[in-house]
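Each remark here refers to the structure printed beneath this line.
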Amino acid sequence: MSEAIARKVDTSHMKISDEVAIQITGMNKWYGAFHVLRDINMTVLKGERIVICGPSGSGKSTLIRCVNRLEEHQQGQIVVDGTELTSDLKNIDKVRSEVGMVFQHFNLFPHLTILENCTLAPIWVRKVPKKEAEETAMHFLSKVKIPEQAHKYPGQLSGGQQQRVAIARSLCMKPRIMLFDEPTSALDPEMIKEVLDTMIQLAEEGMTMICVTHEMGFAQAVANRVIFMDQGQIVEQNAPKEFFNNPQSDRTKLFLSQILGH
Amino acid sequence: MANTEASFVRTEMVAPQEPPLSERGVVKWVRENLFSGPLNTILTVLALVSLFYLVKLSLPWWLHGVWKANSLGECRQIIADAYGPDATGACWAMIRERWHQFIFGFYPPEMYWRPILSFGLLFVALAPALFFGDRRNNLVILAGVALFLLLSLWALDNDLLHIALIMMMMAGFVALVLIAPRKLLWFTLIYPALAQFLLWGGSVWGPVLTMLGLAVLAVVYVVLQPRFGVVMASAMGFVAACVWWLALQSSVSTALYTLMPIGLEALDSDQFGGFLLAFVIGVSSISAALPIGILLALGRRSDMLLIKTLSVTIIEFVRGVPLITMLFTASLLLQYFLPPRTNFDLILRVVILVTVFSAAYIAEVIRGGLAALPRGQFEAADALGLDYWQAQRLITMPQALKISIPGIVTTFIGLFKDTTLVTFVGLAEPLRGITSIVRADIDWKGIYWEPYIFVGAIFFLCCFSISRYSMYLEHKLKTDHR
Ligand SMILES: Nc1ncnc2c1ncn2[C@@H]1O[C@H](COP(=O)(O)OP(=O)(O)OP(=O)(O)O)[C@@H](O)[C@H]1O
Ligand SMILES: [Mg+2]
């Protein structure tokens, strides 16, 4: 597991403030009659790095997709950066432009070049002048170590490179919170490493992050809190050390024994 | 034994050789495609035999073609004199005498420069839309248009001054493309009004004020959009423009015309005919059907019940009813919906119908393209904070339209050929309208193949060009490298 994380993580800038970034209270969600998320209560402080794990179908994706309203919740309250998510489109657009999201399948726009992928939202949503947006984009592309690919199309890049572009694309909006939905699970081991490296770098700069991932090495090295979900509920949460070495619930133990193998 | 086989060292490298004769070039192709098995061989032989008979039957007809004669009888006489009494032959002399009717209908010959100029400028207007900012392609188009205008106006004995003015205008376009290729889109925007003015003539103020109606729409939209959103703002803009067009325009236009009587001699819609008519209907309907089709496709996928129901109703109704039925009932229905005493031009009526008709088909084609997009594209656009219209314009439509190019082009080619159906409402389209007029002439009575071949050839040329262009476009837009 942890061989993907080769380097020492610099924790000097990882500071958790007492400002609240995301507040979820009594949240419930149904797909038709199916109760996917049940009574979710969760507070994320600025600077926290949270890893969510759990068996397939436990509602991890649904939960983080509710945070930027890709999915609608039916009960309870979600407040992101002081803005409550209701059906008000203005609030939704505001939250979405503050929250970056990285998907399992990258979801780059195949008809636009890498650079255009990165400048699109700043230009149209933030109304940044094109030149400035391009400079920002190049800055973040250098940061994810692919500035030389800027004029290629997504289809010409490897999976790992595409995922790093997707991260850069989100960063170009200067988000305060980043959501990751299994960013490495569509990748080969070699590429997993480069993407995790980028994510660690982001954590080192103090970004507030929620990552759905099964990379337990990443969780141990970077997260300050691990949340375990099952059947649409938060079953256990703890600091990574405690979580892995001393799981409390039976479900967690079972899950950990399955994914850590042997 | 086993040992000698297991270890091997090559001492001499094998130089590359040509493949054997039977595996190369024509021989290989013939063997693989025509004679690869008994069934294939039989089919090939049968096809060759029927091809031979077809050519044997029709070749003399093509070879004996007569270009100079004054009537069908004279044609036949010439052929009989030259090739014997039983010989057959084409009588192209009819085309030579009547080509202008096939092209222009009953448009007054001294005004042919007007449709010709509109046709040339059509390509100037299309160039920036078809080739984006590609400077080289735009220049090639401009050069072609200039040459076409020069030659055809020259052949039609136009004033030298006249031709010089038009050439100066073309030079202006070239300069514009060289300096700022994107600015040519402004010409595209005013082209519809310009073409209407050139073709129908009359007061110049009519088309100018019609364009002004669009400006009214734009202003209302820009002012109201931040407060009311895209849909409401465009609806209100449209209402404002309609008020302008229906209530104010004609009186303002008359007033302006008495002050400044600028204009061309006015022509009536029944003077249009032949390919001029087919192009007017085809081009206007195609350019209007695409945006309407996009809106209908989006409407059908919308969450808003009213918009969705409306789109579904329009699409299903139009697809369920034959075009000819709609053409027949058009006059009746449109009379009900429009204010009384509006004298509604027949061609405009047909254009509106054909537009709605093909918009419904386009909508379904585009909906197919939208459905083919992965859900992740919509989600990524949402997650970046793009609003609905931005996401549609920047992310989903470019991709969906690209996927739908073959379907859209098929619909457009169908539409262009369907313009011949307007013969049923009494318009002189080239295929049946003009042909029957020509045949009514005592000189050409009984001529059969030639007009159809001529008209068919022109239609084929147009449709084939459209289809080649669509292949160019698909190739150009191919960025996914999958
Ligand atoms: N659009 C939908 N309609 C109905 N049910 C859905 C929908 N999306 C997800 N579900 C169901 O909701 C449950 C939770 O799905 P979710 O995608 O959040 O799981 P997950 O924890 O992310 O799983 P995985 O690890 O496989 O990604 C699953 O049982 C799934 O079948
Ligand atoms: Mg998931």
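The values are calculated or read from the model by the stated rules, or taken from the named source; none is laboratory data. Bear in mind the structure is a predicted one, so any value in this text is a computation, not a measurement. All Cβ positions, glycine included, derive from the backbone under ideal geometry; neighbour counts span all protein chains shown. For accessibility, only protein heavy atoms count, side chains too; no ligands or nucleic acids. Shrake-Rupley method; radii C 1.70, N 1.55, O 1.52, S 1.80 Å.
Things to note:
Residue-wise test of (1) under 30 Å from A:G54 (Cβ atoms); (2) touching a residue at least 60 places away in the same chain (Cβ under 8 Å).
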site	(1), (2)
A:H139	no, no
A:V165	yes, no
A:R169	yes, yes
A:M191	yes, no
A:E205	yes, yes
A:C211	yes, yes
A:G217	yes, yes
A:V222	yes, yes
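- When A:Q104, A:Q77 are screened for being at the interface with chain B (Cβ under 10 Å from one of its Cβ atoms), open to solvent by 30 Å² or more (accessible area, probe 1.4 Å) and out of contact with any Lys or Arg (no Cβ under 8 Å at 6 or more places or on another chain), only A:Q104 passes.
- Test: residue in the stretch A:36-55 that is more than 23 Å from A:M178 (Cβ to Cβ) and more than 15 Å from ligand 1 (Cβ to nearest atom): yes
- The helices (runs of 4 or more DSSP H) falling completely within the stretch B:336-434 that include 3 or more residues that are within 20 Å of the chain's Cα centre (by Cα), assigned by TED's automatic domain parsing to the domain that holds B:A457 and at pLDDT 90 or above map to B:346-372, B:397-418.
- Exactly one residue among A:R65, A:R38, A:R49, A:R96 is away from ligand 2 (no atom under 16 Å from the Cβ), among the basic types (K, R), within 14 Å of chain B (Cβ to nearest Cβ) and surrounded by 14 or more Cβ atoms within 10 Å (Cβ to Cβ), and that residue is A:R96.
- For the stretch A:211-262, residues that are out of contact with any helix residue (DSSP H, G or I) (no Cβ under 6 Å at 6 or more places or on another chain) and in a helix (DSSP H, G or I) total 17.
- Residue within the stretch A:59-66 that is within 14 Å of ligand 1 (Cβ to nearest atom) and among the aliphatic types (A, V, I, L, M) present: yes
- Exactly one residue among A:L70, A:L85 is away from ligand 2 (no atom under 16 Å from the Cβ) and within 14 Å of chain B (Cβ to nearest Cβ), and that residue is A:L85.
- Residue match in the stretch A:108-115 (condition: within 16 Å of ligand 1 (Cβ to nearest atom), at pLDDT 95 or above and buried (at least 19 other Cβ atoms within 10 Å of the Cβ)): no
- Test: A:Q237 is within 16 Å of ligand 2 (Cβ to nearest atom) and closer than 21 Å to A:I24 by Cβ: no
Residue-by-condition table, conditions (1) within 16 Å of ligand 1 (Cβ to nearest atom); (2) under 26 Å from A:T83 (Cα atoms); (3) of a type in the set (A, V, I, L, M, F, W, C); (4) open to solvent by 60 Å² or more (accessible area, probe 1.4 Å):
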site: A:A186; (1), (2), (3), (4): yes, no, yes, no
site: A:M191; (1), (2), (3), (4): no, no, yes, no
site: A:T208; (1), (2), (3), (4): no, yes, no, no
site: A:G217; (1), (2), (3), (4): no, no, no, no
site: A:A221; (1), (2), (3), (4): no, no, yes, no
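- Among the residues listed as A:S87, A:S61, A:S56, the single one being without any contact (Cβ under 8 Å) to a residue 40 or more places away in the chain and closer than 19 Å to A:D230 by Cβ: A:S56
- Total residues in the stretch A:116-139, condition at the interface with chain B (Cβ under 8 Å from one of its Cβ atoms) and either crowded, with 23+ Cβ neighbours inside 10 Å or within 23 Å of B:L477 (Cα to Cα) (or both): 3
- Which numbered condition B:C462 misses (of (1) within 14 Å of chain A (Cβ to nearest Cβ); (2) in a helix (DSSP H, G or I); (3) surrounded by fewer than 18 Cβ atoms within 10 Å (Cβ to Cβ)): (1)
- If you go through the stretch A:99-146 and keep only what is farther than 25 Å from A:T83 by Cα, assigned to a helix (DSSP H, G or I) and among the aromatic types (F, W, Y), you end up with just A:F140.
- Considering only residues in the stretch A:155-184 that are within 14 Å of chain B (Cβ to nearest Cβ) and over 22 Å from A:V99 (Cβ atoms), the one that is farthest from ligand 1 (Cβ to nearest atom) turns out to be A:Q156.
- Residue match in the stretch B:171-190 (condition: closer than 28 Å to B:I437 by Cβ, at pLDDT below 90 and open to solvent by 30 Å² or more (accessible area, probe 1.4 Å)): no
- Note on the stretch A:13-35: residues that are within 16 Å of ligand 2 (Cβ to nearest atom) and loosely packed, with under 14 Cβ neighbours inside 10 Å amount to 2.
- Of A:F243, A:F228, all but one fail to be away from ligand 1 (no atom under 16 Å from the Cβ) and away from chain B (no Cβ under 14 Å); the exception is A:F243.
- Of everything in the stretch B:375-426 that is of a type in the set (F, W, Y) and open to solvent by 30 Å² or more (accessible area, probe 1.4 Å), the residue that is farthest from the other protein chains (Cβ to nearest Cβ) is B:F424.
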